[in-house]
Amino acid sequence: MAPVNLSKEVLRLFPEWEHRCPNCGTYIESSNAFCPKCKTAFDEKKWRVPPRFLKSHEAMSEYAHKMLAPRLTPSQRELLFQYFTEIFADGFESGDFSAWNSTNETPSVVGNPVHSGSYAAEFSAALWNYEYAQILFSGQTTLHVRWYIRWSTVPTVLALVLDAITTTGGFQSLFTVRFDTDTMRITDQLTSSNYDYNSASFVADTWYCIEVKFVVNDGSNGEVRGYIDGDEIITQTGLDHSGVADITWIRLGQAGQGSAMTNYIDDVIIADTYIGPESTEQTYTKTWATDALFKKLGIKVGDEKKSLVGISNAVYGTQCSFQRKAFYANGRFWVFYANSSSDIVFRTSTDGLSWSAETFVRDGGSYGPNVSVFFDGTYVHYAANSTGSYPWESAIYYRRGQPNSNGTITWSASEQTVTTTYNKASNPHIGVDSDGYVWIGYRDYTNGTCYPYVIKSGNNDGTWGTTPNGFPYQLSGTLRLAWAVSPIPLTNGKMAVVYAAHNSGSYVEPIHVRVWNGSSWETEVKTTSTSYHSMFYSAVAEGDNVHIAFMKFVDSESPLEIMYVKYSYSTNSLGTETSLQSSIPYEDDGTDYCAPVITRDVVRNEVYVFWGFYPTFAHIYYRKWNGLSWETRVDWLDESADGFVGDHTWTGFYESNEGFIGFLYQTKGSSPYNMKFACLPRTATVDAVFKKQDILLTIDVDVLLQKLGILEDFGVDVDFLKQSIVKSFAVDVHFGSLLLQTVSRQVDVLFKKLDITRTFGADSALKKQDITMSLAADSAFQKQDIPRNFSLDAYFGTTAAGIHSVTFGLNAIFAYRVRLPELWLDENGKLVLNISKPYAWVGT
């Protein structure tokens, strides 16, 4: 291998190491926690190997163009390409075509639109004319041409833009590149072949990065490749281009194919290897396995949880799916259910695995549907029925309290009695509007059948107060054996009420929605489908819209389905009904009570629908709406060892709390029953967004750079100041607007890690910090102990706004600020962090 003489400035653009698993030989990113192939735990230092691009100048050149160049600023690219062949480049900043050999027709240089800088080229071709600029260069057998292009009107027929020519042995057109609204076509004139990409969907007034690669004079190893915005969309290899010596001439412009046409071209580069899109700022994209980043930062995010909460003899201790009985607050999971002593109780857990003893709430008749819980972010509210015989008809009882971090509840007032029309209410469902007023949906019995009602509190302080005029409000005048009513909070005091009904063996009622707009009731709207049983639905709000899941009934000869529909407040209408699970056999014996539960992830704005019993009876399933589509069904919980009673016995969180989505359910077919809890992995269901735009990271400097994939030194100015102190810094990690955790560290950062060499006018050993310095002159500084301090100014960019100063003693840490706009999960469940900062460093 011939020596490659590169300047220090250029070498610093390259990584010092790659990392290879010693067990299986897989090359991996240094941000990984383990080898993705053999799962061996990652060791950053032991796995270091020399980078593969060092094997030859060709390999280094390919790495420089393909890996480094897309991430560099223009000034850094210019430095890089002094050593890695850039044949030609023009951004038209001269204001003319002086960099080109010649032009055809009358192309112009314009100040608008431009991709970068102040100018771009405009090519306006008349009908059947080809307006272009052309550049000649020494013959190349491998050639990349990269340019940015936009059209004011995208051609509707394939129109010529680029022509690659050889003049060795005579003039010959080798390759042409054409475009229309959907197609990029490369024509290989040597083999008379067209290579098309037909899914481009070009849009007017939009810049596109186009790159092509041609390989000739290499036997049957010729190549044609095409790229759009860095994505390789045309790949043809093994082509016979042996009859052509080289490429010497490029024409770039626009042909008027069938009509006059205009395009704009900017940032043209011709090189001997891949060039890639421009970058006006340094952007590092780093992908971690789901929770690897959090582990590196020392943040505990938790795994999927599944645990036994307790034992109960109540056969329906955790019903119903349309109600809520669980949430997360103040560092604890909270679950409410009916126990063996005919009581409503709650338990708590700090980890979702180990649970506290039962805490008595009130009498409940060993029947889970007798209580409904709602957590408003500060207070937990419950609505309950008294004990008695089925259907446990009574007045409604309400209470509010604040859940504490020690697992207790500080109640705002004593339990309040809520009087209803007949005082024979059951199956209450509680919600709290944005003004703190309590709404309770319920069914009120008269002569063995019931009507649906909703009632609102007069106070919002934990006492009920005087029920306002117009309440209780009767939602329907139709008597049914059973109604279920759910008040769903919207914004600005509005409330959506979702309700359904059935008679024994008769399922003719749709899902109903009626909205209180803050002063009056809107017109009721209904689903097209009829619902199966009154309780087999679930609803959650997103702003002023409502997501609803329910079971669809057609007739006794047809299978059941789990459906989703969205209510829109702006139009007071229900959207298209979507089937999430079809082909559920109709039995009406409990084994088909799949009873969906819907939950919204408030950070990622995703929706989960859970259900049980189908396709396999003793399993819990879910599907997720990711904002674009419903993802494939997930077989989540397998309880085949315990089994289920022949009825639905589950409920879930109304919405995610601090990143957690929990699920409360009951297993076993006979008493005693197991009360169980499961929680999706926090990092799999929550988008961890660093909301603060400037976060001070406290990680050892070289470790931080490795973690973020920043393979650069940076300049520092060192000045002696004041007295010695030790500084520590913290990083605030947010899930949405919620502060999840603050991680603080105090770490010694040795100067040798920063490769800083300074000459100081002082006499000092500075041995304490293992700093190698050149010293001159006498000073009062004492060996070993240096009662002096200094600051480091870290320059990100070249402007004053890019300077961050940190002052610390020689045994202190070095930290700097970095902007972290986005952190998300990609389609493969990987956590992706985008860090954008100017890439120009100053200093030594």
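For the peptides 261-267, 640-646, what is the packing order when you average, over each peptide's residues, the other Cβ atoms within 10 Å and list the highest mean first? Write out the running numbers ahead of the final one.
Numbers: 261-267: 23.3, 640-646: 15.1.
By packing density, highest mean first, the sequence is 261-267, 640-646.
Distance between the pseudo-spin-label points of Ser173 and Val508 (7 Å out from Cα toward the beta carbon): 7.6 nm. When the listed pairs Lys39/Lys305; Lys37/Lys676; Lys305/Lys566; Lys306/Lys624 are checked against a 24 Å cut-off, the alpha-carbon distance exceeds it for Lys37/Lys676; Lys305/Lys566. Excluding ligands, DNA and RNA, the accessible surface per residue across segment 306-683 is 33 Å² with a 1.4 Å probe.
Can you figure out the FRET efficiency of Phe360 with Asn406, using R₀ = 25 Å and their beta-carbon distance, to the nearest 0.05? All intermediate terms of the calculation are to be shown ahead of the outcome.
Numbers: r = 17 Å, r/R0 = 0.67.
Calculated value: 0.90.
Amide H to amide H distances under 5 Å link Asn313 with Ser340, Tyr673, where only residues 5 or more positions off or on other chains count and H is placed in the peptide plane. Around the amide H of Ile584, modelled in the peptide plane, lie the amide H atoms of Leu560, all under 5 Å away and 5 or more residues distant in sequence or on another chain. Once the Cβ-Cβ distance between Thr262 and Thr491 is put in as r, and R0 is 51 Å, what FRET efficiency do you end up with, to the nearest 0.05? E(calc), rounded to 0.05, equals 0.60. When you work out D = kT/(6 pi eta Rh) for segment 306-683 at 4 °C and 1.567 mPa s, using the Kirkwood radius from C-alpha pairs as Rh and the Stokes-Einstein form, the result is 64 µm²/s. Relative protection proxy for 175-187, 568-580, from highest mean packing down: 175-187, 568-580 (other beta-carbon atoms within 10 angstrom). In plain terms, the chain from Ser242 to Thr191 could stretch by 17.3 nm, reckoned as 0.36 nm per residue minus the Cα-Cα distance. Arg251 contributes about 40 Å² of solvent-accessible surface, heavy atoms of the protein only, 1.4 Å probe. For segment 350-364, 3J(HN,Hα) computed residue by residue from phi via the Karplus equation (6.51, -1.76, 1.60; θ = phi - 60°) reads 7, 10, x, 10, 9, 10, 6, 5, 5, 10, 5, 10, 5, 5, x Hz, glycine and proline entered as x.
For segment 304-437, averaging the sequence separation of C-alpha pairs within contact (under 8 Å, six or more residues apart) and dividing by the residue count gives a relative contact order of 21 percent.
What number, in percent, do you get for the relative contact order of segment 159-290 if the mean sequence gap of Cα pairs under 8 Å and at least 6 apart is divided by its residue count?
Details: 240 pairs, mean separation 29.5, N = 132.
Relative contact order comes out at 22 percent.
Tell me the carbon and sulfur percent of the accessible area for segment 107-243, rounded to whole percent, probe radius 1.4 Å. Spell out each step's value before the answer.
Details: 2160 of 5410 Å².
On segment 107-243, the fraction of accessible area on carbon and sulfur atoms equals 40 percent.
Could you check how much of the accessible area of segment 306-683 is carbon and sulfur, as a whole percent, using a 1.4 Å probe? Display every interim value, and only then the final one.
Values: 5330 of 12450 Å².
In segment 306-683, the share of accessible area belonging to carbon and sulfur is 43 percent.
When each of the peptides 225-232, 395-402 is scored by the mean number of other C-beta atoms lying within 10 Å of its residues, the order from highest to lowest reads 395-402, 225-232. Scanning residues 5 or more positions from Ile234 or on other chains, those with amide H under 5 Å from its amide H are Gly226, with H placed 1.01 Å from N in the peptide plane. Take Ser519 and Glu105, extend 7 Å from each Cα along the Cα→Cβ direction, and tell me the distance between the two endpoints in nm. My value for the distance between the label points is 6.3 nm. Residues in segment 445-453 carry Karplus couplings, in order, of 8, 8, 6, x, 10, 9, 10, x, 9 Hz; the curve used is 6.51 cos²θ - 1.76 cosθ + 1.60 with θ = phi - 60°, and Gly or Pro positions show x.
Find out how many positive minus negative residues lie around Pro22, taking Lys and Arg as positive, Asp and Glu as negative, among other residues whose Cβ is under 14 Å from that of Pro22.
On the way: positive: Arg20, Lys37, Lys39, Lys45, Lys46, Arg48; negative: Glu18, Asp43, Glu44.
After counting each charged neighbour, the total is +3.
Relative contact order (percent) for segment 306-683, with alpha-carbon contacts under 8 angstrom and 6 or more residues of separation?
On the way: 1119 pairs, mean separation 55.1, N = 378.
That works out to 15 percent.
By the Stokes-Einstein formula, at 0.692 mPa s and 37 °C, segment 180-245 with its Kirkwood radius over alpha-carbon pairs has D equal to 259 µm²/s.
Accessible area per residue was computed with a 1.4 Å probe on protein heavy atoms; Tyr195 scores about 30 Å². Here the Karplus relation 6.51 cos²θ - 1.76 cosθ + 1.60, evaluated at θ = phi - 60°, turns the backbone of segment 434-444 into coupling constants of 5, 9, x, 7, 8, 10, 10, x, 6, 10, 10 Hz, with x for every Gly and Pro. Largest first, the residues Thr417, Thr26, Thr106 sort by 1.4 Å accessible area into Thr106, Thr417, Thr26.
The values are calculated or read from the model by the stated rules, or taken from the named source; none is laboratory data. Owing to the predicted nature of the structure, the values given are computational and were not obtained by experimental measurement. Heads up, the Cβs are rebuilt from the backbone with ideal geometry, glycines too, and the neighbour counts pull from every protein chain shown. Areas reflect the complete protein model, heavy atoms only, side chains present, ligands, DNA and RNA absent. Shrake-Rupley method; radii C 1.70, N 1.55, O 1.52, S 1.80 Å.
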